Ligand code: 5GP
């Protein structure tokens with residue numbers, strides 16, 4: 001029988017090796033705390049959660065099942081493509097079909113790194129005049145963050161290392177790994 005993913009100390013995805021960093025149980029505790037924060041803040045306001053695909057599917061599901069407050073959820077995607085102008089890469093928000101005017105919106109992200117993605121989403125949403133926009137992130141790298149938007153609800157703060165698992169991938173692989181795994185530094 002194959003060794004359980006929870007007992008192995010290394011996993012190889014494409015050309016990179018990863019080692020366990022946060023257990024599934026540690027994530028559960030942190031997500032439950034975030035759910036409590038959100039329940040306390042949005043009681044009676046019917047917030048709209050917007051999960052950012054692909055990575056946030058895990059966190060969105062784990063968060064939603066722990067929320068008591070009446071709420072809705074939908075999913076969006078941020079697509080990057082090369083524009084024709086000299087500005088290079090252009091980002092586009094796709095899949096937002098709900099009217100968000102006057103609503104309390106919570107963006108649900110897998111990880112906030114430099115903050116470029118979150119800043120873009122915030123700017124696009126602001127044009128649609130929501131009552132408020134907050135961010136809930138499974139992971140946040142404060143040392144890498146370059147923007148001013150507050151990351152309101154964070155399950156776990158991590159150092160500036162590349163991680164996979166629980167929705168996060170390395171070139172398509174690793175989203176199904178339990179917990180969070182960090183990249184192994186080359187030893188030579
Ligand atoms: P940003 O720099 O815009 O905050 O992060 C953009 C995106 O980069 C994240 O949504 C995520 O898809 C990806 N990303 C950033 N850091 C990591 C990481 O450590 N692991 C993985 N798998 N993706 C990351």
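Where a number appears in this text, it was derived from the coordinates with a stated rule and is not lab data. Every value quoted in this text rests on a predicted model; they were computed, and no experiment measured them. Glycine also receives a Cβ, built like all others from the backbone with ideal geometry; neighbour counts cover every protein chain displayed.
Centre-to-centre, using Cα atoms only, region 131-151 and region 14-54 are separated by 13 Å.
Which of the three applies to region 64-161, rounded, prolate or oblate, going by the alpha-carbon gyration tensor with a ≥ b ≥ c and a/c under 1.5 meaning rounded? It is oblate, given that a/c is not under 1.5 and a/b is not larger than b/c. Modelled spin labels at residue 171 and residue 32, positioned 7 Å past Cα toward Cβ, are 3.8 nm from each other. Taking a ≥ b ≥ c as the square roots of the eigenvalues of the Cα gyration tensor, an a/c ratio of 1.5 or more together with a/b no larger than b/c marks region 13-54 as oblate.
Could you check which residue among 11, 52, 163 shows the biggest mean-square fluctuation in a GNM of the chain with a 10 Å Cα cutoff? Of the options given, 11 has the highest mean-square fluctuation. Rounded to 0.05, the FRET efficiency of the residue 12 and residue 98 pair, given R0 = 41 Å and the Cβ-Cβ distance, is 0.50.
For region 1-77, averaging the sequence separation of C-alpha pairs within contact (under 8 Å, six or more residues apart) and dividing by the residue count gives a relative contact order of 30 percent. Enter the angle in degrees (range 0 to 90, nearest 10) between the Cα long axis of helix 116-126 and the first principal axis of the Cα atoms of the chain, meaning the one along which they spread out most. Approximately 20 degrees, to the nearest 10.
If you run the Gaussian network model on the chain, springs between alpha carbon atoms under 10 Å, then out of 96, 48, 138 the most flexible one is 96. Residues 183, 31, ranked from the fewest to the most other C-beta atoms within 10 Å, line up as 183, 31. Dividing the mean sequence gap of close Cα pairs (under 8 Å, 6+ apart) by how many residues the chain holds gives a relative contact order of 26 percent. On a per residue basis, the convex hull of the C-alpha atoms belonging to the chain measures out at 150 Å³. Considering only DSSP beta bridges where both residues belong to the chain, give the percentage that are antiparallel (nearest 5). DSSP beta bridges in the chain are roughly 45 percent antiparallel.
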